Amino acid sequence: MKISARTSEKIAKTLIWTAAVFVLAVLMFIILYILVKGLPVINWGFLTQVPRSMGREGGVSSTIVGTLMVTSVAVLIAAPFGIGTAFYLAEYTKGGFITRVIRFSAESLAGIPSIVYGLFGFIFFVIYLDLGWSVLSGGLTLAFMILPTIIRTSEEAIRSVPKIYREVSFSLSATKTQTIFKVVLPSALRGIANGIILSIGRCIAETAAVMLTAGSALRMSRSLFDPTRTMAVHFYILAVEGISMENAYGTAALLIIIIFLINVVANTLVNRFVR
Amino acid sequence: MKNGFKDKLSERVFLALALSSISAIALITVFIVIQGAPIIGKVGLRDFIFGMTWAPSQGKFGIFPMIIGSLSVTLGAVVLGVPVGICGAVFLAEFAPAAVRNLFRPAIQLLAGIPSVVYGFWGLIFIVPFIRDNLGGPGLSILAGSIVLAIMILPTIITISEVQILALPRQYKEGALALGMTHWQAIYSVQLPAAKSGIVAAVVLGIGRAMGETMAVIMVLGNAPGIPTSILDPVRTLTTNIGIEMGYAAGDHRQALFATGIVLFVIIMILNITAQFITRKK
């Protein structure tokens, strides 16, 4: 039996709409389920108290601090290297061997699973450089992990600055360095910031790599050399070891809200950037 | 003169930053190989990869069950996730009204940003009991892992494929429509074939993500290191093997986990290079 073009059009459209609605429904379901169970747990005490008896009681304040510290280290280290690499790729190279090597490495780095970053961070930072399980080891490991994201988004942002900006700058007898820092960088700043915000999101969401490098200590970390536990790791341990489902839901809801806010900020930046 | 010097200097600085960034991949490779290679030498590459028994306390390190585990869970994720993902991409590129698209895109972005442990947890409290009650078995299974991973690779497949479809020259679609094709015929016989290489690259990257995921699958796979006989059996993957045991492993055992990492790393690099090769050929 041959199906007429009109019928197949209808069938295809129905299938595709169904798939799209299905994807949205699954997402909504996961998010709403966690929020409904988790939001009632979140209150001022949950946010400000340190976890007690392994997280069965008390709040999650030390894991919030741990997440902030690890993420800050990662971004502060990765941003200069990533943005610098992006400028080199976008403004200086004209193709050729070095460019190909840089681009190949950046893309390969992007595909490496986080558990492999964790293995590397464990053996290199924790053992070889003897930093132990610490905020610093975790942050440096995550810096490696977010580097490709920062390179790619920054390069896109720099490339989307119109050529005419640079030409005008050169015609006013600005040097290349002046053009990059005074003309290109300010125009690309929103796009670069967008990449950094997305990287912050990745750091907050990461579990495997930080667990192997920052440890899972529940005490409040006071220095970069203290071990720490991030929110994502805390949630994982609470859920897998069945310590407290209630607090697990609360932590998960907190994570989802933070990731949601990060996406909103990133999108606002990009939309204005495109204009 | 002074400015010329400054320009040279800043180019050097940018180059130095770029070179240190890419040395990351060399550093990662070197340290993982140094840690993992000795045990492979001791056990023998063939016995390590094709060995059927993983019993670190008895000094037996065979990861074949984990390789089968990774492959089966990934295959399941691809079978479930790829058709839905490509439909999602076609929907966004061709069918979605602007208002729906503006809701759908951020939703996909959110899907990509949510921590993987949250998906694993959701799988544990929903998918696993559902499978146990309706299909039998322990619930913790290849099927549960495949479902969770299928959802997790959707953003990768949808966003990359959508970009590929949108990047096609307008004339492709317009020409097809001008020849009297319906919208779907134009998509199916002109646009999708033209965007094929990009979509394949998206799928390959999705496979890489599924293969590399750790924490989400630890929660739903059951983690028994044996060869599965059905999709309702629990399995252990290369990643979960590392994730579960790394916390307490020492000596040969720890080295064997790094060696597992080498195998994973090699598979992922092959996938990455394939994806890069496909997109570059265009």
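Kindly provide the chymotrypsin sites (Phe, Trp or Tyr not before Pro) of the range B:233-269 that DSSP labels as loop, not H, G, I, E or B, and whose Cβ sees at most 15 other Cβ atoms within 10 Å. All intermediate terms of the calculation are to be shown ahead of the outcome.
Working: sites: B:Tyr248, B:Phe258, B:Phe265; in loops: B:Tyr248.
Of the chymotrypsin sites (Phe, Trp or Tyr not before Pro), the ones in loops of the range B:233-269 whose Cβ has at most 15 other Cβ atoms within 10 Å are B:Tyr248.
How much length is gained if the chain between A:Phe181 and A:Met245 is pulled fully straight, taking 0.36 nm per residue apart and subtracting their Cα-Cα distance, in nm to one decimal?
18.0 nm
Would you please classify the overall shape of chain A from the alpha carbon gyration tensor, given that a ≥ b ≥ c denote the square roots of the eigenvalues, rounded means a/c under 1.5, and beyond that prolate means a/b larger than b/c while oblate covers the rest?
oblate
Among A:Met69, A:Met145, what is the fewest-to-most ranking by other Cβ atoms within 10 Å? List each step's numbers first, then the result.
Numbers: A:Met69 23, A:Met145 28.
Result, fewest neighbours first: A:Met69, A:Met145.
Just to be sure I understand the rule: take each whole DSSP H helix in chain A, project its Cα atoms onto its long axis, keep it if the span is 24 Å or more and its mean Kyte-Doolittle hydropathy is at least 0.0. Which ones pass?
A:5-38, A:61-87, A:135-159, A:185-205, A:245-274
Please list, in chain and number order, the residues 5+ apart from B:Trp54 or on another chain whose amide H is under 5 Å from its amide H, with Hs placed from the backbone.
B:Gly62
Determine the relative contact order of chain B: mean sequence separation of Cα pairs under 8 Å and six or more apart, normalised by residue count, in whole percent.
Relative CO of chain B lands at 27 percent.
Where in chain B are the DSSP H helices whose C-alpha atoms run 18 Å or more along the long axis and whose mean Kyte hydropathy is at least -1.0?
The qualifying helices are B:2-43, B:64-90, B:98-113, B:142-166, B:196-212, B:251-281.
What is the distance in Å between the Cα centroid of the range A:162-233 and that of the range B:15-85?
The range A:162-233 and the range B:15-85 have Cα centres separated by 30 Å.
Answer rounded, prolate or oblate for the protein assembly as shown, using the Cα gyration tensor with square roots of eigenvalues a ≥ b ≥ c: rounded when a/c is under 1.5, else prolate when a/b is larger than b/c, else oblate.
rounded
Through the Karplus equation 6.51 cos²θ - 1.76 cosθ + 1.60, θ set to phi - 60°, convert the phi angles of the range B:126-133 into ³J(HN,Hα) values in whole Hz; use x for Gly and Pro.
Here the 3J(HN,Hα) series is 10, 5, 4, x, 4, 5, 4, 7 Hz.
I need the shape label for chain B. Rule: rounded when a/c is under 1.5, else prolate if a/b > b/c, else oblate, with a, b, c from the alpha carbon gyration tensor.
It is oblate, given that a/c is not under 1.5 and a/b is not larger than b/c.
No lab work stands behind these numbers, since they all come straight from the coordinates. Since this is a predicted model, take the numbers as computed values, not measurements. Methodologically, a virtual Cβ is constructed for each residue, glycine included, from the backbone with ideal geometry; neighbour enumeration extends over all protein chains shown.
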